[in-house]
Amino acid sequence: MQTPDTERRLPDATGMGAVTLKVHDLDTMIDFYHRGLGMQVLRQDKGTAALGRQGVATLLLDHAGPLATAPAGAAGLYHTAFLFPTAAELASVVYAAAQHSPGKFQGSSDHLVSEAFYFGDPEGNGVELYVDRPRSQWEELPTGGGVQMGSAFLDPNRYLQQHLTEQGAAAVADTPATVGHVHLKVGDIQTAKAFYVDALGFDVTNVYGSQALFVSAGGYHHHLGMNTWESKGATDRTPALGLGEVRIELPGDGTPGGSSEALAALDARLASAGIAREFDGAELTVLDPWRNRVRVREIGSENAL
């Protein structure tokens with residue numbers, strides 16, 4: 001449930017919206033996400049494309065050919081994680097991706113709260129495809145106040161044998177997948193916590209010392225992950241290919257603590273922390289400490305693309 005201190009926290013029904021990637025080769029990237037991952041091209045115009053499922057965009061591609069690839073140790077995107085409703089639907093997409101781009105598979109893990117498969121897209125952006133276990137099976141941390149997560153071996157071939165249906169192998173379904181979470185590369189965890197928890201209003205769900213932080217709203221295992229595994233000590237991002245924008249979506253005004261109230265509270269928190277932002281009453285845009293662009297808006301906005 002939402003904590004009583006609603007002015008300091010994001011609403012329970014907060015979720016993640018479409019991720020924007022700045023790309024060099026728009027056609028190749030569309031091919032990977034469309035033919036490889038089964039996303040539909042919802043719109044393509046003047047160097048941009050919106051892809052998703054069942055009419056809902058989960059990925060925005062923005063052609064930025066002149067930009068260079070960011071250095072490996074730079075802050076930015078670790079991976080975008082697409083959440084599927086069932087194991088059968090996940091297996092279908094994993095199978096399609098492996099058939100389309102066999103060299104892009106990077107591994108698979110049982111995270112206790114979820115089962116996940118990892119790929120790299122043609123321009124090196126990380127992609128996670130996953131399904132959640134029922135919340136009734138999630139366990140709290142021994143210390144309380146968080147969710148137990150881990151990384152156990154998950155055999156991809158056995159998973160496909162167990163869950164891939166004949167229909168799923170023949171054609172990847174247009175499933176209602178969403179952006180379940182986004183994982184970022186950051187320079188240090190304490191600075192990340194000060195921004196994403198203290199200022200933005202997420203709750204901490206798990207911390208791995210100075211290496212990784214996981215945060216969420218409404219008790220989810222994580223809507224955002226942040227790590228320093230490749231980027232410890234990273235400073236401000238300079239313009240480069242890769243992450244363009246992360247979107248956070250708040251519940252509409254028909255729910256308690258709806259978007260206008262929550263957005264106004266967020267604007268006030270950021271102002272109190274001396275953090276520059278743009279807020280027009282309908283959406284708020286802010287740069288995190290590494291200049292990753294974060295946009296916060298209402299779920300289902302007509303201007304979501």
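Is it true that some residue in the range 221-238 is out of contact with any helix residue (DSSP H, G or I) (no Cβ under 7 Å at 6 or more places or on another chain), at pLDDT 95 or above, part of a strand (DSSP E or B) and basic (Lys, Arg)? No: the range 221-238 contains no residue that is out of contact with any helix residue (DSSP H, G or I) (no Cβ under 7 Å at 6 or more places or on another chain), at pLDDT 95 or above, part of a strand (DSSP E or B) and basic (Lys, Arg). Candidates are the residues of the range 252-264 that are surrounded by fewer than 18 Cβ atoms within 10 Å (Cβ to Cβ) and modelled with pLDDT of 65 or more; the one that is nearest to Val197 (Cα to Cα) is Ala264. Cβ-Cβ distances below 6 Å connect the following pairs, each with a first residue in the range 99-117 that is surrounded by 15 or more Cβ atoms within 10 Å (Cβ to Cβ), a second residue that is β-branched (Val, Ile, Thr), and a separation of six or more residues or different chains: Glu115/Val131; Phe117/Val94. Considering only residues in the range 15-63 that are part of a helix (DSSP H, G or I) and touching a helix residue (DSSP H, G or I) at 6+ places or on another chain (Cβ under 6 Å), the one that is farthest from Ala81 (Cα to Cα) turns out to be Arg35. For the range 179-188, a residue qualifies if it is more than 20 Å from Val127 (Cα to Cα) and open to solvent by 10 Å² or more (accessible area, probe 1.4 Å), and exactly one does: Asp188. Of all the residues in the range 201-239, those that are open to solvent by 10 Å² or more (accessible area, probe 1.4 Å), under 18 Å from Val286 (Cα atoms) and among the aliphatic types (A, V, I, L, M) number 0. Here is the figure for the range 49-70: residues that are among the hydrophobic types (A, V, I, L, M, F, W, C), within 17 Å of Val172 (Cβ to Cβ) and open to solvent by 50 Å² or more (accessible area, probe 1.4 Å) total 1. Looking at the range 79-98, which of the residues that are under 17 Å from the mean Cα position of the chain (by Cα) and of a type outside the set (A, V, I, L, M, F, W, C) is most open to solvent (accessible area, probe 1.4 Å)? This residue is Pro85.
The values are calculated or read from the model by the stated rules, or taken from the named source; none is laboratory data. If you're wondering where the values come from, they're calculated on a predicted model, not measured in any experiment. When we count neighbours, we look across all protein chains shown, and the Cβ atoms used for this are built from the backbone with ideal geometry, even at glycine. Surface accessibility is based on the protein's heavy atoms, side chains included, excluding ligands, DNA and RNA. Shrake-Rupley method; radii C 1.70, N 1.55, O 1.52, S 1.80 Å.
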